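This report refers to the structure that appears directly beneath it.
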Amino acid sequence: MKVKKRHLVLIGFSGSGKSTIGPLLAKKLNCLFFDIDEQIVKNQKKTIAEIFKTSGEKYFRNIEAQVINKAVTSKKMTVIALGGGAFQRAETQKKIREMAIVVYLSCAQKELYRRLIKKTDRPLMPQTGSELKEKIRTLSAKRLKNYQKADFIIATTDKTTKEVIQKIMMKINHAYY
Ligand code: S3P
């Protein structure tokens, strides 16, 4: 593995499994796990929804970029789960790609919808069925180009957590060890 690329960053749309896969993958790799959204909530002492409501998305994106910058400069190998929009900012993306192997957890929109319709904590995701469907469609289309810049793309639809982890392990073992 290139010395600088000591971390593994998980990217993908809300509901793609980053926060579920992340800690389990870190355990398998015997390294740390860091969830960017969780850290933002801790730092700000507010939920993500509250931050969006009181300070707006631009403020959230700036905080998000700061937390990511700090996480990727850590000396200890870490699996880092990003929020769904975090890989869109060019400077952040550049920094991440310098310091980490990037894995995109891709997931069919139907499956994302099935998972997200039950959730109420994503400020960018509408609560009604047709609006949520449309939001997933438009936002995915907008973000796909950046997601596809990952080092590895893992198709997760219909896969169990165990299978996704196995796939990631196979890819990184093959490419880096
Ligand atoms: C966002 C996704 C969320 C969170 C915030 C914004 C996005 O994270 O960072 O609500 O822009 O798609 P998850 O991907 O964990 O849902």
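Under 5 Å from the amide H of Ala81 lie the amide H atoms of Leu10, Phe34, Asp35, Ile36, each residue being 5 or more positions distant or on a separate chain, with H modelled from the backbone and absent for Pro and chain starts. A Gaussian network model of the chain, with springs between Cα atoms under 10 Å, assigns the largest mean-square fluctuation among Ile21, Ile51, Ile136 to Ile51.
Label-to-label distance, Glu57 versus Lys76, with points set 7 angstrom from Cα along the beta-carbon direction: 3.5 nm.
Taken over segment 83-171, the percentage of Cα pairs per 5 Å bin, counting from 0 up to the bin with the maximum distance, is 2, 12, 21, 21, 20, 16, 6, 1. In the structure shown, the pairs Lys18/Lys58; Lys94/Lys149; Lys110/Lys142; Lys27/Lys149; Lys70/Lys94 are assessed against 19 Å; a Cα-Cα span above that value is assigned to Lys18/Lys58; Lys27/Lys149. Shape index of the chain: Rg/Rh, with Rg the Cα radius of gyration and Rh the Kirkwood radius from the inverse mean 1/r over Cα pairs, equals 0.94.
Note that segment 23-35 has calculated 3J(HN,Hα) couplings of x, 5, 5, 4, 4, 4, 8, 6, 9, 7, 10, 9, 9 Hz, one per residue in order, obtained from phi through the Karplus relation 6.51 cos²θ - 1.76 cosθ + 1.60 (θ = phi - 60°); glycine and proline are x. Within segment 96-132, name every residue whose backbone N is under 16 Å away from a label modeled 7 Å from Cα of Thr47 along the Cβ vector. Answer for segment 96-132: 116-128.
Modelled spin labels at Lys171 and Glu38, positioned 7 Å past Cα toward Cβ, are 2.2 nm from each other. Within the shell of other residues whose beta carbon sits under 13 angstrom from the beta carbon of Lys135, the net charge comes to +4, with Lys and Arg scored +1 and Asp and Glu -1. When you restrict to C-alpha pairs under 8 Å that are six or more residues apart and normalise by the size of the chain, the relative contact order lands at 33 percent.
Derived from the Cα gyration tensor, the three semi-axes of the equivalent ellipsoid of segment 1-81 are 24, 14, 10 Å, largest first.
In a reduced charge model with +1 at each Lys and Arg Cβ and -1 at each Asp and Glu Cβ, segment 1-46 shows a dipole moment near 240 debye about its Cα centre. Dividing the summed -39500 (n - 2.57) terms of all DSSP H runs of n ≥ 4 by the residue count of the chain sets its mean residue ellipticity at 222 nm at -18000 deg cm²/dmol. Charge dipole (Cα centre; +1 on Lys/Arg Cβ, -1 on Asp/Glu Cβ; no other charges) of the chain amounts to roughly 320 debye. When you filter the trypsin sites (Lys or Arg not before Pro) in segment 144-177 for DSSP loop state and at most 15 other Cβ atoms inside 10 Å of their Cβ, you are left with Lys149.
Just so you know, all these numbers are worked out from the coordinates, no wet-lab data involved. Every value quoted in this text rests on a predicted model; they were computed, and no experiment measured them. Glycine gets a Cβ as well: all are built from the backbone with ideal geometry, and neighbour counts include every protein chain shown.
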